[in-house]
Amino acid sequence: MDITHPKVEDYITGLLGTHEPVLLEMEAEAEERHFPIVGRMVGVVIEILARSIGARRIFELGSGYGYSAYWFARATGPDGEIHLTDGDAGNEKKALEYLGRAGLDRPISFHVDEAVSTLQSMPGEFDIVYNDIDKIDYPKAWRAAHGRIRVGGLFISDNTLWSGRVTEGFTEEDARPEWTSAIKEMNAAIASDQRFLSTILPIRDGVTVALRLR
């Protein structure tokens, strides 16, 4: 199921411009390797969200080779603090190389480790916790993150509509029903948490945005 009609997504992406060569290289690598990234339409959204709350301290649960961090670093500037996590040291090398060439590496700290345990080991609160780890761990990610976000800060999660699999009317075969169940569990937990005002933006694969109120 296409969450955003492909022609609509192409139109929106076309309005966003070409950006710099490094971003185009990162997108080309994703296409060549079939590596999941949020894409430019969502990238601009998370940059806007980060800028809108004056985010300076961000934690990414799952970072790949730094594509989402590219957009967050544009928002925080060099005086920010962005923590990336990934279990693959090769992705650390790629991320720092890409972001360095884009002039966006100064706020970056990359942790080659399990994402949730790394968050739990870090002190203090964050302006944004961004979630894009293995979907089976989405409930664990929310439990670890919700108390670590400052009032006025954001929890953002990718893949929360999961190509429509979270809906009752989804009829195609689900190769990973346990992942779908985990996403639905997290979505329900966020929606019922009275400390947060939340919604799911129906773009790309669904992007949850939850604002901490108290």
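Name the single residue that is nearest to PRO78 (Cα to Cα) among those in segment 92-110 being surrounded by 14 or more Cβ atoms within 10 Å (Cβ to Cβ) and out of contact with any strand residue (DSSP E or B) (no Cβ under 8 Å at 6 or more places or on another chain).
ARG106
Could you list, in sequence order, all residues of segment 157-214 that are in a loop (DSSP other than H, G, I, E, B), within 19 Å of TRP142 (Cα to Cα) and under 14 Å from the mean Cα position of the chain (by Cα)?
Listed by number, the residues that qualify are ASN159, THR160, LEU161, ASP205, GLY206.
Restricting to segment 122-144, and then to whatever is under 14 Å from THR85 (Cα atoms) and acidic (Asp, Glu), can you tell me which residue is surrounded by the most Cβ atoms within 10 Å (Cβ to Cβ)?
The residue in question is ASP132.
Conditions: (1) among the charged types (D, E, K, R); (2) over 30 Å from GLY169 (Cβ atoms); (3) not in a loop (DSSP other than H, G, I, E, B). LYS7 meets all but one. Number of the miss?
Every listed condition holds for LYS7 apart from (2).
From the list GLU47, GLU60, GLU29, exactly one residue is surrounded by fewer than 24 Cβ atoms within 10 Å (Cβ to Cβ) and either touching a His at 6+ places or on another chain (Cβ under 7 Å) or over 24 Å from HIS146 (Cα atoms) (or both). Which is it?
Only one candidate passes the filter, namely GLU29.
Can you find a residue in segment 4-23 that is at positive phi and either in contact with a Leu (Cβ under 6 Å, 6 or more places away or on another chain) or in contact (Cβ under 8 Å) with a residue 24 or more places away in the chain (or both)?
No, because not a single residue in segment 4-23 is at positive phi and either in contact with a Leu (Cβ under 6 Å, 6 or more places away or on another chain) or in contact (Cβ under 8 Å) with a residue 24 or more places away in the chain (or both).
Read the figures in this text as sums done on the coordinates, not as results from a lab. What you see is a predicted model, and the numbers here were worked out from it, not measured in a lab. Here the Cβ is made from the backbone with ideal geometry for all residues, glycine too, and neighbour counts use every protein chain on show.
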